[in-house]
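To keep things clear, I will list the structure first and then write my remarks on it.
The values are calculated or read from the model by the stated rules, or taken from the named source; none is laboratory data. The model shown is predicted, which means the values in this text are computed figures rather than measured ones. All Cβ positions, glycine included, derive from the backbone under ideal geometry; neighbour counts span all protein chains shown.
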Ligand code: BGC
C-alpha cells in the first residue's frame with residue numbers, strides 16, 4: 001500500500017510517499033519549514049501545503065512530537081502549548097481532505113526501524129531513541145510497541161533530560177562530540193536503571209554521524225544507529241496509517 005508519511009519536527013516538516021510493504025520511498029522527499037509559532041492551526045496549514053506539493057490525495061500517516069491518544073495530543077514539550085487537547089487527527093483531516101492517522105513521532109520511527117531497519121527480527125526489549133530538537137523514545141517487546149513512552153522527560157539535574165542531552169542542545173551549547181556523548185551516557189544510564197533493553201537504536205538526523213559519537217558511548221545494551229536515519233519518522237508514520245486503514249477493513 002502507498003501512503004504519504006509525514007514527520008512534524010521542530011525545524012521542518014518532512015514528507016514522502018512510502019510503500020508500506022517494503023518501507024521504501026516511492027517519491028522524492030519534500031520538506032517545508034515548521035511554522036513559528038508552531039500552533040496546531042499553522043502546522044495543519046503547512047501539512048496541507050506539503051500534501052499539495054506531493055500531489056497526494058490518498059491516506060496519510062503523520063508523526064508529531066507529542067503523546068497521542070486516539071488522535072488527540074496530550075502533551076506539548078517542544079511544540080506550542082496549544083497542542084494539548086487538540087484533536088490532531090480531525091484537524092489534519094479537515095485541512096487536507098484526506099484520511100489521516102496520527103502517532104507520536106518517536107513511536108513512528110520505532111515502527112519503521114523494527115519493521116525494516118536495525119530492529120528487524122529482534123524479539124527482546126528494544127529501545128529506540130530519536131535525538132533531535134527533543135529526545136523521543138519508543139519501546140518494543142516481542143515486536144510490540146508500548147506507546148507514548150517519554151524518556152526525554154526523565155529528570156536529569158532538575159530538568160527534563162532532553163534539555164541536557166538532545167542533539168539541539170549539542171548545537172546550541174557548541175559541545176564537541178565527546179562532551180555530548182558524556183551527557184548521553186548519563187541519560188542512557190538513567191534509562192537503563194528503569195528498563196533493561198537488549199538493544200538501543202539511535203535515530204534522528206544525527207544518526208548519520210554515528211561514527212563521530214558512538215565510540216564514546218557506554219551502554220549495557222547493544223547499540224546501533226537507525227538504518228533509515230532521518231527518514232524513519234516518515235516511513236513509520238505511513239506504516240502506522242496502513243495498520244489503521246487495515247483496521248477499518
Ligand atoms: C516529546 C516527544 C517526542 C520527542 C521527539 C519530546 O519533546 O515530548 O513526544 O517524541 O520530543 O520529537
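Which one is farthest from the chain's Cα centre (by Cα) among residues in segment 128-143 that are more than 13 Å from the ligand (Cβ to nearest atom) and in a strand (DSSP E or B)? Give the derivation first.
Step one: filter segment 128-143 for residues more than 13 Å from the ligand (Cβ to nearest atom), giving 140-143.
Narrowing further to those that are in a strand (DSSP E or B): 140-141.
Details: 140: 14, 141: 18 Å.
Once the filter is applied, the top-ranked residue is 141.
All conditions in (1) more than 13 Å from the ligand (Cβ to nearest atom); (2) assigned to a loop (DSSP other than H, G, I, E, B); (3) surrounded by fewer than 19 Cβ atoms within 10 Å (Cβ to Cβ); (4) in contact (Cβ under 8 Å) with a residue 40 or more places away in the chain hold for residue 75, with the sole exception of (1).
The condition (being at pLDDT 95 or above, at negative phi, touching a strand residue (DSSP E or B) at 6+ places or on another chain (Cβ under 7 Å) and near the ligand (Cβ under 10 Å from one of its atoms)) is satisfied by just one residue among 198, 162, 186: 162. Scanning segment 78-91 for residues that are over 25 Å from residue 206 (Cα atoms) and in a loop (DSSP other than H, G, I, E, B), we see that the one that is nearest to the ligand (Cβ to nearest atom) is 84. Looking only at residues of segment 144-156 that are in contact (Cβ under 8 Å) with a residue 12 or more places away in the chain and more than 12 Å from the ligand (Cβ to nearest atom), we find that the one that is surrounded by the most Cβ atoms within 10 Å (Cβ to Cβ) is 145. If the condition is being closer than 20 Å to residue 18 by Cα and out of contact with any helix residue (DSSP H, G or I) (no Cβ under 8 Å at 6 or more places or on another chain), then segment 58-81 contributes only 58. Quickly run through segment 52-72 and pick out the residues that are away from the ligand (no atom under 15 Å from the Cβ), surrounded by 24 or more Cβ atoms within 10 Å (Cβ to Cβ) and without any contact (Cβ under 8 Å) to a residue 60 or more places away in the chain. The answer is none; no residue qualifies. Within segment 165-182, the set of residues being surrounded by 15 or more Cβ atoms within 10 Å (Cβ to Cβ) and within 16 Å of the ligand (Cβ to nearest atom) comprises 165, 166, 167, 168, 169, 170.
When segment 92-117 is limited to residues that are free of Cβ contacts under 8 Å to residues at least 60 places away in the same chain, closer than 20 Å to residue 49 by Cβ and crowded, with 20+ Cβ neighbours inside 10 Å, the one that is nearest to the ligand (Cβ to nearest atom) turns out to be 102.
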